[in-house]
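Every read-out reported here was derived from the displayed coordinates using simple, explicitly stated rules and does not represent laboratory data. Values in this document were obtained by computation on a predicted structure and should not be read as measured data. Heads up, the Cβs are rebuilt from the backbone with ideal geometry, glycines too, and the neighbour counts pull from every protein chain shown.
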Amino acid sequence: MQDTSNPIRRRGLLFVLSSPSGAGKSTISRMLLETDQEIRMSVSATTRAMRPGEEDGVHYHFLTPEKFEDMEKANQFLEWAHVFGNRYGTPRAGVEQIISDGRDVLFDIDWQGTQQLHATAGDDLVRVFILPPSMAELERRLRGRGTDSDDVIQGRMDRAAGEISHWAEYDYVLVNDDAASCLEKVRHILAAERLKRARNIGLVDFVRGMIG
């Protein structure tokens, strides 16, 4: 639904949050979705098996490897990647419909997916990278989850440095030392990007109507 506080029709945007595992992007994403009615989470397609409690079309679009490959060949993904032996991708049609309706799409993806989105989405894309306060704090958060073995945590830490090295490819970079404060900064970025002249595609008609 178009923001009723703004009489000018706008085009939606693709809003990416990236971070190494444990830096807080999933928490910030959840908090943003709970407090902003104009943005919705991108539902990815995947070839991995459905887990207990998951629902097709809500958590993921669960596809066979053959169906995923057919969609890939038909250029029906905005981005896709192999992750831990499975394929994940963003179906193009649903996302394009949402932004043409003046709403925004939130992506919780890594730097590789962001690079692909940048190549396919161009000016519709806003990229935000979230850093941890320190590597020591990142490890503390990972261990605090209590869900991963030492080997898994070490693997995540090993990957974190490589992921962080791509920070300069993003439009905005935030340090998440406090989730509430980081969320507020994310909300300010989103508000400013929504007001950009190029995205308010109804401006021409609005101004013409105003001045005759």
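The figures follow:
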quantity: Over the stretch 90-153: Kirkwood hydrodynamic radius from C-alpha pairwise inverse distances, Å; calculated: 14.6 Å
quantity: Derived scalar couplings ³J(HN,Hα) [the stretch 37-54; Karplus, 6.51 cos²θ - 1.76 cosθ + 1.60; whole Hz; x for Gly, Pro]; calculated: 7, 8, 10, 10, 6, 5, 9, 7, 9, 8, 9, 6, 6, 5, 9, x, x, 8
quantity: Considering only the chain, percent of DSSP beta bridges that pair antiparallel, nearest 5; calculated: 30 percent
quantity: Mean Cα-pair separation over length for the chain, i.e. relative contact order, pairs under 8 Å, 6 or more apart, %; calculated: 33 percent
quantity: Euclidean distance between Cα centres, the stretch 119-147 to the stretch 192-212, Å; calculated: 34 Å
quantity: Space enclosed by the convex hull of the alpha-carbon atoms of the stretch 1-68, per residue, Å³; calculated: 145 Å³
quantity: Rounded, prolate or oblate (a/c below 1.5 giving rounded, otherwise prolate when a/b exceeds b/c) for the chain by Cα gyration tensor; calculated: oblate
quantity: Cα principal axis extents for the stretch 94-207, largest first, Å; calculated: 59, 29, 25
quantity: Directionally averaged projected area (convex hull, Cα atoms, the stretch 75-126), nm²; calculated: 3.7 nm²
quantity: Ellipsoid semi-axes in whole angstrom, largest first, where each is sqrt(5λ) of the Cα gyration tensor of the stretch 123-165; calculated: 24, 11, 11
quantity: Cα Rg, Dmax, the stretch 151-195, angstrom units; calculated: 14.0, 45
quantity: Restricting the stretch 6-87 to trypsin sites (Lys or Arg not before Pro) in coil, as DSSP defines it, with at most 16 other Cβ within 10 Å; calculated: R9, R48
quantity: Amide proton proximity set for R9, modelled H, under 5 Å, gap of 5+; calculated: G202
quantity: For the chain, calculated [θ]222 nm from helices alone, where every DSSP H run of n ≥ 4 adds -39500 (n - 2.57); calculated: -13000 deg cm²/dmol
quantity: Along each principal axis, Cα extent of the stretch 30-111, largest first, Å; calculated: 36, 30, 24
